Amino acid sequence: MPQPVIDAVVEHTLLEARIGGYEAQAAKADQLDAVYDRLAELVCAARQEIALFENATAAWCQAFYALPFKPGDRILTCEAEYAANYVAFLQRANHDGIVIDVVPSDESGSLDVTALEKMIDDRTALIAMTWVPTNGGLVNPAAAVGKVARAHGIPYLLDACQAVGQMPVDVNVLGCDFLTATGRKFLRGPRGTGFLYISEPQVQRLEPAMIDHFAAPWISKDNFQLREDARRFETWENSYALRAGLGVAVEYANSLGLKNIQARAWGLAADLRHMLMEIPGCQLRDTGSENCAIVSFTIEGLDPIKTVAKLRERNINIGASDPASTRLDADARGLPTLLRAAPHYYNTTEELERLILGLRQLA
Ligand SMILES: Cc1ncc(COP(=O)(O)O)c(C=O)c1O
């Protein structure tokens, strides 16, 4: 998190301690309300199309479980779909009799848009895709998929968790009905924050699977009335300190400019790929025709989990990606656990060199 984000979280927490939780919320009402405007600006939506959550998964689930499916309805998804989303598909396949069909990847490893179009039929009730997967630098063709979804009038749920904060996002260009993301990744917001964009027509069409008296005020003994905006998917109680931090993180990213952020972060990732290729036994594992700021790789003889731990001792933070987080892709490519480095705009070439040196010393 950048310092202003940390300051916002700490200041709100201290204000709660000093004057009380409800009182702090009231005192900062304008600032907290503006979080919706900032997120709307970030993804080029309207503020009434934004709902806030405690993570991206909760946002995604609220959208997905609101969709009314009949037995035999088909979901079209991608090979790189994230584990949390796929197990939810499986649950609804068990409970509601929906059918999950996976669109094959093209030779580059991206979702094959031509194959997608051919797979669409009368029973296709949803296209759900992960834009940037958890396990690598692939950037799925989100806008091309959106064109197909619109042409056929099929709802389109886009998991943009790994994309938001590292590249420009415009829901109008993407053509999605739903987009979900987290605060804690490339956006540099606090953990415990996430959001949902839901298009105005879908807000009106969908009833959340679970509601409370914030989503739907209790207007008379036997009646409730759903809110008119996307916040019908929220609940009453929230961490306002974290929301304050999220708002500042979005403002911070917007002020730097997402195009600038993308150029810098993707440039560093491209440099890192070149450096890694010089290490004997290193295999780059990113697929797709363009690669983002996530670099996945393996090095012969290096155990990924131990490598992450040993690098952490040297203050080098990278991750490991387990096959179970993207099982379809991992099975199709026979992937082991991968090492995953995600340089952001604030990283330096010198830091990339330190990572390479650390890996060479461990190999
Ligand atoms: C592709 C993808 N979608 C969704 C998520 C879930 O995000 P969160 O953990 O903030 O709910 C992740 C997290 O790693 C992810 O990689």
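Overview of values
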| item | result |
| --- | --- |
| Checklist (1) surrounded by fewer than 20 Cβ atoms within 10 Å (Cβ to Cβ); (2) closer than 24 Å to Arg285 by Cα; (3) acidic (Asp, Glu) applied to Glu117, failing item | (2) |
| Evaluation of Thr13 against (1) open to solvent by 20 Å² or more (accessible area, probe 1.4 Å); (2) outside any strand (DSSP E or B); (3) under 25 Å from Arg205 (Cα atoms); (4) touching a residue at least 12 places away in the same chain (Cβ under 8 Å) (one fails), failing number | (3) |
| Hits in region 60-92 (condition: within 16 Å of the ligand (Cβ to nearest atom) and farther than 26 Å from Thr287 by Cβ) | Cys61, Gln62, Ala63, Tyr65 |
| Qualifying residue in region 282-296 (condition: touching a helix residue (DSSP H, G or I) at 6+ places or on another chain (Cβ under 6 Å), assigned to a helix (DSSP H, G or I) and open to solvent by less than 40 Å² (accessible area, probe 1.4 Å)) | no |
| Any hit, region 255-272, residues being surrounded by fewer than 17 Cβ atoms within 10 Å (Cβ to Cβ), closer than 25 Å to Glu107 by Cα and within 23 Å of the chain's Cα centre (by Cα) | yes |
| Some residue of region 310-320 being surrounded by fewer than 17 Cβ atoms within 10 Å (Cβ to Cβ), touching a Ser or Thr at 6+ places or on another chain (Cβ under 7 Å) and not in a helix (DSSP H, G or I) | no |
| Test: residue in region 121-129 that is within 16 Å of the ligand (Cβ to nearest atom), within 23 Å of His344 (Cβ to Cβ), in contact (Cβ under 8 Å) with a residue 40 or more places away in the chain and buried (at least 16 other Cβ atoms within 10 Å of the Cβ) | no |
| Meets criteria (touching a Cys at 6+ places or on another chain (Cβ under 6 Å) and among the hydroxyl-bearing types (Ser, Thr, Tyr)) for Thr182 | yes |
| Selection count where residues are within 16 Å of the ligand (Cβ to nearest atom), closer than 17 Å to Ala45 by Cβ and buried (at least 22 other Cβ atoms within 10 Å of the Cβ), scope region 144-171 | 10 |
| Search result, residues across region 157-206 that are over 21 Å from His344 (Cα atoms) and charged (D, E, K, R) | Asp177, Glu200, Arg205 |
| Top-ranked residue in region 33-76 [being touching a strand residue (DSSP E or B) at 6+ places or on another chain (Cβ under 9 Å) and acidic (Asp, Glu); ranked as most open to solvent (accessible area, probe 1.4 Å)] | Glu54 |
| Test result for Glu23, among the acidic types (Asp, Glu), touching a residue at least 24 places away in the same chain (Cβ under 8 Å) and not in a loop (DSSP other than H, G, I, E, B) | no |
| Pair list, Cβ under 9 Å, 6 or more apart: region 321-336 residue assigned to a helix (DSSP H, G or I), other residue open to solvent by 60 Å² or more (accessible area, probe 1.4 Å) | Pro323/Asp331; Ser325/Tyr82; Thr326/Tyr82; Ala330/Asp322 |
| Failed condition for Asn223, given (1) open to solvent by 10 Å² or more (accessible area, probe 1.4 Å); (2) in contact with a helix residue (DSSP H, G or I) (Cβ under 7 Å, 6 or more places away or on another chain) | (2) |
| Region 175-216, residues that are over 22 Å from Pro4 (Cα atoms), out of contact with any strand residue (DSSP E or B) (no Cβ under 6 Å at 6 or more places or on another chain) and open to solvent by less than 20 Å² (accessible area, probe 1.4 Å) | Gly175, Ser199, Gln202, Val203, Leu206, Pro208, Ala215 |
| Residue, nearest to the ligand (Cβ to nearest atom), within region 36-57, restricted to residues that are closer than 14 Å to Ala230 by Cα and either without any contact (Cβ under 8 Å) to a residue 60 or more places away in the chain or in a helix (DSSP H, G or I) (or both) | Leu39 |
| Complete set of residues in region 99-120 that are under 26 Å from Ala66 (Cβ atoms) and either free of Cβ contacts under 8 Å to residues at least 24 places away in the same chain or small (Gly, Ala, Ser) (or both) | none |
| Count of residues meeting criterion [part of a helix (DSSP H, G or I) and in contact (Cβ under 8 Å) with a residue 60 or more places away in the chain] in region 174-201 | 1 |
| Tabulated pairs, region 137-161, first under 21 Å from Gly183 (Cβ atoms) and among the β-branched types (Val, Ile, Thr), second more than 16 Å from the ligand (Cβ to nearest atom) and open to solvent by 10 Å² or more (accessible area, probe 1.4 Å), C-beta under 6 angstrom, 6+ apart or interchain | Val139/Glu290 |
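The values are calculated or read from the model by the stated rules, or taken from the named source; none is laboratory data. The shown structure was predicted, so the numbers you read here are calculated from the model rather than taken from an experiment. Don't worry about glycine lacking a Cβ; one is built from the backbone with ideal geometry, like all the others, and counts go over all protein chains shown. The area values use the complete protein model at the heavy-atom level, side chains included, leaving out ligands, DNA and RNA. Shrake-Rupley method; radii C 1.70, N 1.55, O 1.52, S 1.80 Å.
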